[in-house]
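Input: a single structure, listed below in structure tokens.
Throughout, read-outs are computed from the coordinates displayed, never taken from laboratory work. A quick note: this is a predicted structure, and the numbers were derived from the prediction, not measured. Cβ placement follows ideal geometry from the backbone for every residue including glycine, while neighbour counts extend to all protein chains displayed.
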Amino acid sequence: MIRSMTGYGRAQALSQGMSISVEIKSVNHRYFEFYSKTPRAYGFLDEKLKNYVQSRVARGKIECFVLIEALETDDCTVEINHSLARGYVNAFKELAERYSLRNDTTVSSLAKNHDIFSVHMQEADEEKVWSCVKEVLDKALESFISMREREGEKLKADILSRCDTILSDVAFIEERSPQTVEEYNAKLLERMKSILGEVQIDEQRILTEAAIYADKVAVAEETVRLRSHISQMHEFMESKTAIGKKMDFLVQEFNREANTIGSKAQDVAIAKKVINIKAEIEKIREQVQNIE
């Protein structure tokens with residue numbers, strides 16, 4: 001199924017005494033680029049998050065944010081820096097004596113100086129935490145990938161519609177191209193008669209000139225290849241793997257054939273159709289840039 005590279009997903013759950021929330025979003029990128037933000041104590045999750053997301057997502061610039069809050073824990077201890085606390089008490093006392101102030105130092109006022117305290121958490125069980133985070137990440141990824149697939153369906157419909165438009169223009173060119181040779185032949189014969197008057201015209205020379213012109217403006221090979229490329233594009237659309245890069249290369253082949261047809265075009269009507277084809281190819285190219 002075609003996926004867009006733009007997506008968003010979020011999930012939150014309570015697990016093993018932790019409140020865990022995961023948010024994941026992405027935008028277009030040529031390759032897989034991953035950035036994660038996790039709480040400082042859980043930095044070990046970063047590489048695990050990257051590897052797991054990469055197993056589910058092939059391309060895009062992806063940002064993943066993980067928030068973990070311990071609801072209840074007995075693994076936390078608070079230590080007091082008594083020498084620093086004593087320094088604060090003495091400093092408050094000195095201020096009161098020097099400036100004749102009332103020394104109203106209390107525990108609560110002293111506690112406002114946060115550098116007195118240091119909080120120590122017991123080292124987290126990495127596998128336990130990862131197991132809990134992975135459950136929430138799975139839910140966020142489901143939402144994220146679902147959005148990518150919905151956007152992908154819209155891209156698919158638009159690209160195939162434009163391919164149909166190109167095929168319609170190709171059919172016109174294939175029908176019109178032989179007519180231009182006949183018209184050239186008739187005009188060449190008429191011009192020769194106008195110039196030579198009653199003088200005998202070399203019919204073989206006229207046929208030779210017409211054959212040279214026909215070979216010069218022949219686009220059958222290019223239109224056949226363009227049809228083949230469009231058929232391949234339809235096949236890509238049914239792929240179950242990431243095919244954005246392949247589609248990008250295929251669109252380049254679209255452009256190559258259109259440019260060759262345009263360089264051979266000696267007819268105004270065909271030239272107009274080539275312009276239409278190239279415009280549609282450019283729009284397809286823009287859409288392909290969004291596909292994973």
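List of remarks:
- Sorted ascending by nearby beta carbons within 10 Å, beginning with the fewest, Ser263, Ser146 become Ser263, Ser146.
- With a Förster radius of 35 Å applied to the C-beta separation of Val224 and Ala58, the computed FRET efficiency comes to 0.60.
- Peptides ranked, highest mean first, by Cβ atoms within 10 Å: ranges 247-253, 234-240: 247-253, 234-240
- Neighbour counts of C-beta atoms inside 10 Å place Met18, Met5 in the sequence Met18, Met5, starting with the fewest.
- A simple count of charges around Ser146, restricted to other residues whose Cβ falls under 13 Å of its Cβ and scoring Lys, Arg +1 and Asp, Glu -1, yields +1.
- Of the GluC sites (Glu not before Pro) found in segment 1-85, the ones in coil according to DSSP and having at most 14 other Cβ atoms within 10 Å of their Cβ are Glu72.
- Sites listed here are chymotrypsin sites (Phe, Trp or Tyr not before Pro) in segment 76-175 whose DSSP assignment is loop and whose Cβ has at most 10 other Cβ atoms within 10 Å: Tyr99.
- Counting neighbouring beta carbons within 10 Å and listing from fewest to most, the residues Ile291, Ile80, Ile243 come out as Ile80, Ile243, Ile291.
- The residues neighbouring Glu235, those whose beta-carbon lies less than 15 Å from its own, together hold a net charge of +2 under the Lys/Arg +1, Asp/Glu -1 convention.
- Antiparallel bridge percentage (DSSP; both residues within segment 1-152; nearest 5): 80 percent
- Looking at segment 1-83, the trypsin sites (Lys or Arg not before Pro) that sit in a DSSP loop and have at most 16 other Cβ atoms within 10 Å of their own Cβ are Arg30, Arg56.
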